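Novice: Structure below; questions to follow.
The values are calculated or read from the model by the stated rules, or taken from the named source; none is laboratory data. Since the model is a prediction, treat every value here as computed from it, not as a measurement. Cβ placement follows ideal geometry from the backbone for every residue including glycine, while neighbour counts extend to all protein chains displayed. Areas reflect the complete protein model, heavy atoms only, side chains present, ligands, DNA and RNA absent. Shrake-Rupley method; radii C 1.70, N 1.55, O 1.52, S 1.80 Å.
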Amino acid sequence: MTERDRILARVREALTVLAPKPGHAHDSTAPSPTPSPVTRHPSPSQWLPLVGESFEDHLALFRKNATDLKADFHLVNNREELSQKLLELRDHEGWQKIGSHAGELTDECCHALGLPVCRTDQRYDAADLESCDAGITECDALVAQTGSVLVTNRTAGGRALSVLPPHHVVLAKREQLLADLPDAFALLKAKYSSNYPSFMSLITGPSRTGDIERILVLGAHGPKKLTIFCV
């Protein structure tokens with residue numbers, strides 16, 4: 001047996017012993033781990049904050065977390081109300097041009113807004129996108145546990161659309177609201193395991209930094225404003 005084989009054998013042997021629970025490494029009252037020929041890994045959800053069981057629980061938690069993160073969240077009853085809310089936002093902020101991409105929700109909303117659109121799923125100029133007042137995207141999921149928006153380059157019109165315009169507007173469906181991060185990672189695996197996107201991101205509130213004297217500044221490295229609509 002070579003030295004390499006001996007090292008790998010010790011690693012295999014060690015993997016058959018369960019590690020103690022976090023915080024109980026030196027607890028003499030904690031049950032001793034039992035060796036097992038098959039290591040069964042517990043679900044990560046048991047170590048994470050509770051999120052509730054129902055849609056209403058997840059919705060309330062997402063709303064709270066998004067608000068704490070200084071994002072605007074709106075639950076709308078139908079697509080007509082969604083279009084109306086976007087028109088109000090357009091008029092309030094004086095949008096002249098938007099960036100977006102092809103999608104079930106984005107196509108309908110862009111048509112309702114009646115503004116010039118920089119389409120990032122077609123050939124475009126980065127300066128043109130940067131001059132847009134808002135970037136309107138769809139997403140893969142909303143994560144209640146962290147108030148995050150899960151996007152990939154395939155669902156959010158590429159890499160730049162959610163970053164360059166100063167206002168990022170996310171359009172999501174109710175069924176895209178997930179409980180926690182393990183659910184979000186499971187979704188990515190189920191949806192893309194055969195061919196993962198080149199870009200995956202969890203957007204948790206508007207871009208921010210607190211590097212200088214620990215003073216929070218929004219819009220430091222991306223959009224200054226994040227608005228999320230769930231229909």
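Novice: Just to be sure I understand, how many residues within the range 159-179 are in a strand (DSSP E or B) and open to solvent by 10 Å² or more (accessible area, probe 1.4 Å)? Outline the logic, then answer.
Specialist: If we filter the range 159-179 for residues that are in a strand (DSSP E or B), which is where we start, we get 167-172, 177-178.
After this cut, where a residue has to be open to solvent by 10 Å² or more (accessible area, probe 1.4 Å) as well, the list is 177-178.
Residues in the range 159-179 being in a strand (DSSP E or B) and open to solvent by 10 Å² or more (accessible area, probe 1.4 Å): 2 in total.
Novice: Further question: So in the range 180-215, with the set limited to residues that are touching a residue at least 40 places away in the same chain (Cβ under 8 Å), open to solvent by 50 Å² or more (accessible area, probe 1.4 Å) and assigned to a loop (DSSP other than H, G, I, E, B), which one is farthest from residue 65 (Cα to Cα)?
Specialist: Applying the filter and picking the extreme gives 198.
Novice: Tell me the strands (runs of 3 or more DSSP E) entirely within the range 105-144 that contain at least 1 residues that are touching a residue at least 40 places away in the same chain (Cβ under 8 Å) and either open to solvent by 20 Å² or more (accessible area, probe 1.4 Å) or not polar (S, T, N, Q) (or both).
Specialist: Values: elements: 117-119, 134-137, 141-143.
In the range 105-144, the matching strands (runs of 3 or more DSSP E) lie at 134-137, 141-143.
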